[in-house]
Amino acid sequence: MSKLGVFDLAVRYGKLTAVSELSFTVAEGERVFVSGPNGAGKSSLLSAIAGTVRAAHGRIEMDGEILSGLGPESVARRGLSMVPEGRRIFAGLTVRENLMVGTGLRRDRGAVADDLETVFTAFPILRDRAAAPAGALSGGQQQMLAIARALMTNPKVMLVDEPSLGLAPKVVDEVYDRLCELQALRGLTLVIVEQSSSRASRVGGRMLLMRGGRIVADGDAAAFAADNLLTEAYFGDAA
């Protein structure tokens, strides 16, 4: 059984259709990139899965349980966490306080200290700056904090929206290195919106290419780059 399933999903904002009749499944432990041009519907797709945007119709499942129609808190309680575009950390709280915000929904309170040590080990700068205001961190450090905060909810599935946005390439490499290490360590299922399809190809995994609210190609990210499918999908030749 797939860890995550999206079936016949549509997302609309008034008369504008952002996602149209979209279906795919993600297996447990898989890393899936969602890429495509601006306006393709990538962020709307993640928001609908996370419950922050209500779908017009369709079904979203995780481990066979229906998530459709649930709000973000209920979705998070079922083991799905989202790292939003733009990080959205609490700038006036300390780094440690931001991390502890992510534990508010947990029932396994005894494991929180272990998970805090895990994210501090993965992101040593967060340990060093634990008492500092989160707003004083650099953009890359804030992205690490946003990922760490999502991990503190102890998710089974994590959605990450544009982790490379506004960051220098070297910093993006570090963010992805840590994210992939944590996926292997925790057995996470990852769905990542990544505007740079070439970066997704280098990191590796499966890629869903979107255009006009639909999936126009689905396959191995590295193979897409090698076969020029990225260019075809962006410019309308992929079927």
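The values are calculated or read from the model by the stated rules, or taken from the named source; none is laboratory data. If you're wondering where the values come from, they're calculated on a predicted model, not measured in any experiment. Positions of Cβ are generated from backbone atoms using ideal geometry, with glycine treated the same way; all protein chains shown enter the neighbour counts.
Listed by first and then second residue, the pairs with beta-carbon distance under 8 Å, at least 6 apart or on different chains, first residue in the range 1-23 and within 24 Å of Ala76 (Cβ to Cβ) and part of a loop (DSSP other than H, G, I, E, B), second modelled with pLDDT under 95 and of a type in the set (S, T, N, Q), form an empty list. Select from the range 95-119 the residues that are without any contact (Cβ under 8 Å) to a residue 12 or more places away in the chain and either outside any helix (DSSP H, G or I) or hydrophobic (A, V, I, L, M, F, W, C) (or both) and list them in ascending order. Listed by number, the residues that qualify are Gly104, Arg107, Ala113. The set of residues from the range 137-169 being part of a loop (DSSP other than H, G, I, E, B), more than 16 Å from the chain's Cα centre (by Cα) and more than 26 Å from Gly39 (Cβ to Cβ) comprises Leu137, Ser138.
Going by the conditions given, is Ser81 within 21 Å of Tyr176 (Cβ to Cβ), hydroxyl-bearing (Ser, Thr, Tyr) and under 17 Å from the mean Cα position of the chain (by Cα)?
Values: within 21 Å of Tyr176 (Cβ to Cβ): yes; hydroxyl-bearing (Ser, Thr, Tyr): yes; under 17 Å from the mean Cα position of the chain (by Cα): yes.
Yes.
Here Asp128 fulfils each of the conditions (1) at pLDDT 95 or above; (2) more than 19 Å from Ser43 (Cα to Cα); (3) crowded, with 22+ Cβ neighbours inside 10 Å apart from (3).
Residue check: is Thr52 surrounded by fewer than 18 Cβ atoms within 10 Å (Cβ to Cβ) and in contact with a helix residue (DSSP H, G or I) (Cβ under 6 Å, 6 or more places away or on another chain)?
Values: surrounded by fewer than 18 Cβ atoms within 10 Å (Cβ to Cβ): yes; in contact with a helix residue (DSSP H, G or I) (Cβ under 6 Å, 6 or more places away or on another chain): yes.
So Thr52 fits the description; yes.
Residues are listed down the side, and each one gets a yes or a no for (1) under 30 Å from Ala132 (Cα atoms); (2) among the aliphatic types (A, V, I, L, M); (3) assigned to a loop (DSSP other than H, G, I, E, B); (4) in contact with a Leu (Cβ under 8 Å, 6 or more places away or on another chain):
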position	(1), (2), (3), (4)
Gly29	no, no, yes, yes
Ala48	no, yes, no, yes
Ala76	yes, yes, no, yes
Met82	yes, yes, no, yes
Arg87	yes, no, yes, yes
Phe90	yes, no, yes, no
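Looking across the range 200-214, not a single residue is under 15 Å from the mean Cα position of the chain (by Cα), at pLDDT below 90 and not aliphatic (A, V, I, L, M).
Scanning the range 63-88 for residues that are surrounded by fewer than 15 Cβ atoms within 10 Å (Cβ to Cβ), modelled with pLDDT under 90 and either among the basic types (Lys, Arg) or closer than 24 Å to Gln142 by Cα (or both) gives Gly86, Arg88.
Scanning the range 157-199 for residues that are free of Cβ contacts under 8 Å to residues at least 60 places away in the same chain and of a type in the set (Val, Ile, Thr), we see that the one that is nearest to Arg211 (Cα to Cα) is Val172. Just one of the listed residues (Ala136, Ala132) is touching a residue at least 24 places away in the same chain (Cβ under 8 Å) and not basic (Lys, Arg), namely Ala132.
I need the full set of residues from the range 180-199 which are closer than 19 Å to Ala150 by Cβ, touching a helix residue (DSSP H, G or I) at 6+ places or on another chain (Cβ under 6 Å) and assigned to a helix (DSSP H, G or I), in order please. Show your work before the answer.
Filtering the range 180-199 for residues closer than 19 Å to Ala150 by Cβ gives 180-194.
Within this subset, residues satisfying the condition of being touching a helix residue (DSSP H, G or I) at 6+ places or on another chain (Cβ under 6 Å) are 182, 190, 193-194.
Hit for the range 180-199 is Leu182, nothing else.
Taking the range 199-217, which residues are among the β-branched types (Val, Ile, Thr) and within 21 Å of Lys170 (Cβ to Cβ)? Matches in the range 199-217: Val203 only.
Could you tell me whether the range 28-46 includes any residue that is over 24 Å from Gln195 (Cβ atoms), surrounded by fewer than 14 Cβ atoms within 10 Å (Cβ to Cβ) and either among the acidic types (Asp, Glu) or touching a residue at least 40 places away in the same chain (Cβ under 8 Å) (or both)? Within the range 28-46 (the criterion being over 24 Å from Gln195 (Cβ atoms), surrounded by fewer than 14 Cβ atoms within 10 Å (Cβ to Cβ) and either among the acidic types (Asp, Glu) or touching a residue at least 40 places away in the same chain (Cβ under 8 Å) (or both)), the answer is no, since none of the residues qualifies. Residues in the range 144-192 that are buried (at least 19 other Cβ atoms within 10 Å of the Cβ) and among the acidic types (Asp, Glu): Asp161, Glu162.
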